[in-house]
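J.: Below you'll find the structure I mean.
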């Protein structure tokens, strides 16, 4: 699979990769008011990396991202849980949300909720999950299952 | 106070996240895991004390009032389950750290084990039906990983059986939740308790039966238990031990919780008693037919589940109290038995009755530990199993259920029989496999089991002895738990406010 | 009293450690504990003569009536002195019996534990506490029989003893609980003072008696006792003759005064007792192993005791107490003698032992004394007991009194015969001729060069021999103890007392008849043996036990093989059928149909039809990837349905997940062959289709009825109200997912993380060398 | 209640059950996937009548709005079943690596006892009365 690389596909993927990542971030941040959210965002980002895999195989995938996928998982979980714990520390219930409005000058006023951080955690976990799936089942670790085929 | 309820779930999860980040740092993982579980044990003891003093505790996740948000509720039953299962989980973790090879080549062991702990804790504390499903999935997903850890061929085969059947159960659970929601429009259990009572009686019974089947698969009652004896024995010993001690009890817990809380008007006494009898008998006959320690003990898990269902099926305070006490004793005892079996396996390399023998002369400590736990399982006084069985027997006889109590007494005898079969085969006599005997006499180093493994087993057997010693106090608590279960008004009031 | 019982346990705990240091002297240390118990008993005996019984209580699980109530009265003293007194002697004896075997630490500890449990048993007043000690004696007995664990016979004999007594114990527990619930108390003293009534009590008594019969080795539960003789002799002497086996008799003795008049009591106790007495003695006459001879003799004697207590008249209870004590003394001594013979000559087969008496005249004399006591020959203690027994049975006043009396006289004559056989077999010349084909056994004679046992080894036997002689000659020495024991059972002081000479009574005549007949039997022993050999074989209890165990094992295999088939499709089928049948039946009872319309929109029909077709095609697809893609198509159809239903979030997620899912499917299946293994149409396929159809119908109906049952609106209205105002979001579904029910989502990402970690672990797992080439 | 949506749920469930009862692991997994689809769809269906998406501002006061709670539950259920089925796929993969086979084997120890049991049953029946 890795030998037959098409230049056109490669280029398309390059272009689309970043578009998809941007889209995923949009979904993440817009989710509270529009369809979307951390899940959908994370999944779109996963699709971006999936495309990389389809185009370039597992080596391209590991080149495009240097942090181990497990770290995404761990950090994502930590993010989500700590969001809950913060409210616990401030004397509220676990996972209790607070609404912020921030004046970002040029971009105008943004009203958002603390659960955004929670959603970022979700995003990271979903991303880490799909990366790990692609790396493992796709055989990126030198334990290529093809070698055991008779 | 609300922090106490959240910590048993959040602490292991936080620790798991850290352990994932520290993916290849074994020492760090161990420190984090042990630290978190010690904290959880302490927390659950405090929780038990709080419940003992102030009654049912509850907390609304995110601060949203009851039917909207997810509620965590801890009543006496939950608190008791939480304490004993966390103690057991901690001991097994220490045992696993001690056992060469369990966490060495497996960086995922610690995070997954911690997640399983959180799942178990959440199953015991959640007051929301859908969240219970999530708790189950956390526990199960972790258990799928643990049971196939190592990826040996027979593990994969039996793990497949385990996973497929549990996946079916999970799917059915979702279907059940959908129907419950269809009929009531809510998933909060306290809210459901109020709303289900208004449904037509046939629908109530159908829902109650459906949930019974769903949880019955997890609890391994007849005729839904077949997956258990096939899948448990193949995992690594600490994993088998903690599964044996805990996971089926989570199913039993859910049966008890849903049948008493959600369906107070429809008590399927007859069905439960028949199931209980068949579970006991078929389980113990299965145990008698086996010739391997692990398989014998696995069938006993099933058989003992029968006693728990029997006590519940009486639907009296005495019966349910007996069941609560019985579960409380069963979790550490069963685990300790498997841990002792693991010690035998560690020093001889086998658990087949035909291959091992004369262990009493080689490792008298292991023999003593096994004997204590086995006799407790068989309900021999003054060990903890006797008190539990006595409670159930008294409740059954005073309710006039002579037949089922007669069956349970016969099963007791058969349990003793198969325990003695293990004892005769493994600890007495001589090893019949000459190669094994040779290995044992030459490689003396192999006989010495790591200190942590022995220590953890001793601790757990110590816990069962302590249960026997303080049986009076514990039975008192069990009775209060039973009262709370059979009259859930305090629970409902606490949640709905 | 607790301190006393605990002392046994505590000392037992240190014995194994001690044994490693001081070897067999550990037995002398252990002997100190029962000795202390003896001294305490005598002190306490003085206390209770002034006031009532000593009572101690300790709550354990009071909710279940499980208090450790102890009560020390006259009968308890009788039993305690038997248990502790013989205990001291047995420990001293064991000190000579064993040498440097590695098991002695374990042995001494277990024996002491047994001793403590037995003390607890005779002191217990609470029925459940009694049961506790009862089971402990069973367990310790098991451990002691199997102490020489390399012998197969020891292991299986121990198991048999445990199973039979354990069975009885559990029946007894059931009986105790029934009694306790009926009476409202588990205190034996209160129960006996106010026995409950009702049919359930009779049932309970039967259960209690099963316990007593198994423990006291009554026919047909006796088979474990001969096999328990595989234990070292100190155990046989202590547990299986003098103390533990009398526990059943003890229980009957305690219960009789209150329950003798219940309809089941006398018929059961008397018939089992008499049968055991006769069958035990009869079988004893055929044994060649001295230990087995005594074991069957024990069964017989226990039968007589059972009978005496069961009759329940005042005289018979008195006689029972006397026999209990007398039997403990002479039987313990006899077993110790066998142990000495076995130990010195390495055999206990009376066909091999030749003229041992000529070498050990003093030992033979002592043996003669205790055996004569067993036979009931004056002026020994055993004679007194038998005299009392015959006297009591002669004046019961019941219609069945005479046949029972005749039975007992016959049994007594057997007893005389086997006693004589014992002495003759052990110390006399080898038997001249027996059954012809057994000559091979007799080829080697033992007896000429047997080393003499040491004095200290013999001392316990002599002590007991002297006692049996002393109590026989001077009954007034022991009379107060027996009278007190009797009084505490019946509640009245005894009107008569033990005496060697009561005058020319019916009992004396019967005794003479029994002795005469016994010696006649012994004289013509060859003919008797031949006669016994020609008798038709009756099914033996041992064979019954073997059959039961074999049947149990085979039954277990059959049942397990039938239900535990090991096949996943069968398991799944059973689960699915249960899922359909259990809820299905009540569901059909009063299902409510909801308002129905065909479809929400035409698009729904189109998409739905496509999904159905794809799903069915996936079910019959032959090519693997086709099936995967068809299931994927169903997933995309779901996304479309979600859009129609008004769930854009779900649609997006479903779309993305399905894409990822198909990818994962393809990655995982890429190495598998393209086609499924083609399977022929089997019978099982019909079942599969049937279950699938049933499941579909079930789900369909349940869904309709569940929706039809709804009476109230769902709680979702509040989400719509609060999403913006309190949670700051407009997308209500997202707000629920991350805020209202954010906790679910936390769980969900944990599941994802764990699952994918598992994937990593599996794919990376090394393969053991054996598995590379499957 | 729309008859047709209940029908889709039931058919998916039924086909899923059929596939689940096969011996080929990959078909079993596909069956489980179909059953999961059926269950998730059912969660959606029990919310009641189809309606406008529950996004504030996207529907008017007269519009009927779809029930948001079952949607949220279905969302969670979908993701969870995806995660778990992925793991099962890894098992299938591993199983294929180890055995080069796609069959679900019977339990060896159970089969042994089943044979013993059958032999004993036969002996019982053939035993002369």
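The values are calculated or read from the model by the stated rules, or taken from the named source; none is laboratory data. If you're wondering where the values come from, they're calculated on a predicted model, not measured in any experiment. No Cβ is skipped: glycine too gets one built from the backbone with ideal geometry, and neighbour counts run over all protein chains shown.
J.: Output the residues belonging to region C:175-185 that are facing chain B (nearest Cβ under 10 Å) and either farther than 20 Å from residue C:213 by Cα or surrounded by fewer than 23 Cβ atoms within 10 Å (Cβ to Cβ) (or both).
T.: Residues satisfying the conditions are C:180, C:181, C:182.
J.: Select from region B:20-42 the residues that are within 26 Å of residue A:79 (Cβ to Cβ) and without any contact (Cβ under 8 Å) to a residue 40 or more places away in the chain and list them in ascending order.
T.: Answer for region B:20-42, where residues must be within 26 Å of residue A:79 (Cβ to Cβ) and without any contact (Cβ under 8 Å) to a residue 40 or more places away in the chain: B:21, B:22, B:25, B:27, B:28, B:31, B:35, B:39.
J.: I've got another one for you. Can you list the helices (runs of 4 or more DSSP H) found entirely within region B:161-233 that contain at least 3 residues being surrounded by fewer than 24 Cβ atoms within 10 Å (Cβ to Cβ)?
T.: Where helices (runs of 4 or more DSSP H) fall fully within region B:161-233 and carry at least 3 residues being surrounded by fewer than 24 Cβ atoms within 10 Å (Cβ to Cβ), they are B:189-196, B:201-219.
J.: Ok, one more. Among the listed residues D:19, D:41, which satisfies the condition of being at the interface with chain C (Cβ under 8 Å from one of its Cβ atoms), in a helix (DSSP H, G or I), at pLDDT 90 or above and farther than 17 Å from residue B:161 by Cβ?
T.: Going through D:19, D:41 in turn, the sole match is D:41.
J.: State yes or no: is residue B:252 in contact with a helix residue (DSSP H, G or I) (Cβ under 6 Å, 6 or more places away or on another chain), more than 11 Å from every other protein chain (Cβ to nearest Cβ) and in a helix (DSSP H, G or I)?
T.: The answer is yes for residue B:252.
J.: Considering C:726, C:654, which residue is within 26 Å of residue B:172 (Cβ to Cβ) and either more than 8 Å from every other protein chain (Cβ to nearest Cβ) or part of a helix (DSSP H, G or I) (or both)?
T.: It is C:654.
J.: In addition: What about residue B:462, is it at pLDDT 90 or above, away from chain C (no Cβ under 11 Å) and surrounded by fewer than 19 Cβ atoms within 10 Å (Cβ to Cβ)?
T.: So residue B:462 passes the test.
J.: Can you name the condition, by its number, that residue D:77 falls short on among (1) closer than 17 Å to residue B:130 by Cβ; (2) in contact with a strand residue (DSSP E or B) (Cβ under 6 Å, 6 or more places away or on another chain)?
T.: Going through the list (1) closer than 17 Å to residue B:130 by Cβ; (2) in contact with a strand residue (DSSP E or B) (Cβ under 6 Å, 6 or more places away or on another chain), residue D:77 breaks only (2).
J.: Okay, next question. Scan region C:585-604 for residues that are in a helix (DSSP H, G or I) and touching a helix residue (DSSP H, G or I) at 6+ places or on another chain (Cβ under 6 Å) and jot them down.
T.: The answer is C:586, C:587, C:589, C:603, C:604.
J.: From the set of residues in region D:50-72 that are in a loop (DSSP other than H, G, I, E, B) and free of Cβ contacts under 8 Å to residues at least 12 places away in the same chain, which is nearest to the other protein chains (Cβ to nearest Cβ)?
T.: So the residue we want is D:56.
J.: Something else: Quick one: which residue in C:278, C:307 is surrounded by 24 or more Cβ atoms within 10 Å (Cβ to Cβ), in contact (Cβ under 8 Å) with a residue 12 or more places away in the chain, assigned to a helix (DSSP H, G or I) and over 20 Å from the mean Cα position of the chain (by Cα)?
T.: Of the residues listed, the single one that is surrounded by 24 or more Cβ atoms within 10 Å (Cβ to Cβ), in contact (Cβ under 8 Å) with a residue 12 or more places away in the chain, assigned to a helix (DSSP H, G or I) and over 20 Å from the mean Cα position of the chain (by Cα) is C:307.
J.: So, in region B:348-365, how many residues would count as being surrounded by 21 or more Cβ atoms within 10 Å (Cβ to Cβ) and farther than 21 Å from residue C:17 by Cβ?
T.: The qualifying residues number 4.
Okay, residues lined up against (1) under 30 Å from residue B:455 (Cα atoms); (2) facing another protein chain (nearest Cβ under 9 Å); (3) out of contact with any helix residue (DSSP H, G or I) (no Cβ under 8 Å at 6 or more places or on another chain):
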position	(1), (2), (3)
B:220	no, no, no
B:223	no, yes, no
B:234	yes, no, no
B:237	yes, no, no
B:256	no, no, no
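J.: Name, by its number, the condition in (1) out of contact with any helix residue (DSSP H, G or I) (no Cβ under 8 Å at 6 or more places or on another chain); (2) surrounded by 15 or more Cβ atoms within 10 Å (Cβ to Cβ) that does not hold for residue C:639.
T.: Condition (1) is where residue C:639 drops out.
J.: For residues that are touching a helix residue (DSSP H, G or I) at 6+ places or on another chain (Cβ under 7 Å) and surrounded by fewer than 24 Cβ atoms within 10 Å (Cβ to Cβ), tally how many sit in region C:144-153.
T.: Number of matching residues: 5.
J.: Which of the residues belonging to region D:86-111 are modelled with pLDDT of 85 or more and facing chain C (nearest Cβ under 7 Å)?
T.: Within region D:86-111, D:86, D:87, D:89, D:90, D:91, D:92, D:93, D:94 meet the criteria.
J.: So, one more: Run residue A:73 past the list (1) farther than 18 Å from residue B:64 by Cα; (2) modelled with pLDDT under 80; (3) within 14 Å of chain B (Cβ to nearest Cβ) and report the number of the one that doesn't hold.
T.: Evaluating residue A:73 over (1) farther than 18 Å from residue B:64 by Cα; (2) modelled with pLDDT under 80; (3) within 14 Å of chain B (Cβ to nearest Cβ) leaves (2) as the failure.
J.: Mind checking which residues of region B:49-58 are surrounded by fewer than 23 Cβ atoms within 10 Å (Cβ to Cβ) and either in contact (Cβ under 8 Å) with a residue 40 or more places away in the chain or over 25 Å from residue B:34 (Cβ atoms) (or both)?
T.: Within region B:49-58, B:50, B:52, B:53, B:54, B:55, B:56, B:57, B:58 qualify.
J.: Could you please let me know if residue D:47 is more than 7 Å from chain C (Cβ to nearest Cβ), buried (at least 24 other Cβ atoms within 10 Å of the Cβ) and outside any helix (DSSP H, G or I)?
T.: Yes: the conditions hold for residue D:47.
J.: Another question about this same structure. Given (1) at the interface with another protein chain (Cβ under 7 Å from one of its Cβ atoms); (2) part of a helix (DSSP H, G or I), where does residue B:106 come up short, assuming only one miss?
T.: Every listed condition holds for residue B:106 apart from (2).
J.: Can you find even one residue in region C:696-712 that is in contact with a strand residue (DSSP E or B) (Cβ under 7 Å, 6 or more places away or on another chain), surrounded by fewer than 24 Cβ atoms within 10 Å (Cβ to Cβ), at the interface with chain D (Cβ under 9 Å from one of its Cβ atoms) and farther than 16 Å from residue A:115 by Cβ?
T.: No: zero hits.
J.: In this structure, is residue C:569 crowded, with 17+ Cβ neighbours inside 10 Å, more than 11 Å from chain D (Cβ to nearest Cβ) and in a helix (DSSP H, G or I)?
T.: No; evaluated as a whole, the condition is false for this residue.
J.: Sticking with this one: Taking the condition touching a residue at least 40 places away in the same chain (Cβ under 8 Å) and either under 21 Å from residue D:68 (Cβ atoms) or in contact with a strand residue (DSSP E or B) (Cβ under 7 Å, 6 or more places away or on another chain) (or both), does residue B:187 pass?
T.: yes
J.: Residue by residue through region B:465-482, note down the ones that are within 30 Å of residue B:2 (Cα to Cα) and buried (at least 16 other Cβ atoms within 10 Å of the Cβ).
T.: Those that are within 30 Å of residue B:2 (Cα to Cα) and buried (at least 16 other Cβ atoms within 10 Å of the Cβ): B:467, B:471, B:472, B:474, B:475, B:476, B:477, B:478, B:479, B:480, B:481, B:482.
J.: Let me ask another. Among residues belonging to region B:10-27 that are more than 14 Å from residue C:753 (Cβ to Cβ) and surrounded by fewer than 24 Cβ atoms within 10 Å (Cβ to Cβ), point out the one that is farthest from the other protein chains (Cβ to nearest Cβ).
T.: Per the criteria, the residue is B:27.
Yes/no matrix, rows are residues, columns are (1) outside any loop (DSSP other than H, G, I, E, B); (2) closer than 20 Å to residue B:291 by Cβ:
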| position | (1), (2) |
| --- | --- |
| B:331 | yes, no |
| B:340 | yes, yes |
| B:350 | no, yes |
| B:357 | no, yes |
| B:372 | yes, no |
| B:382 | no, no |
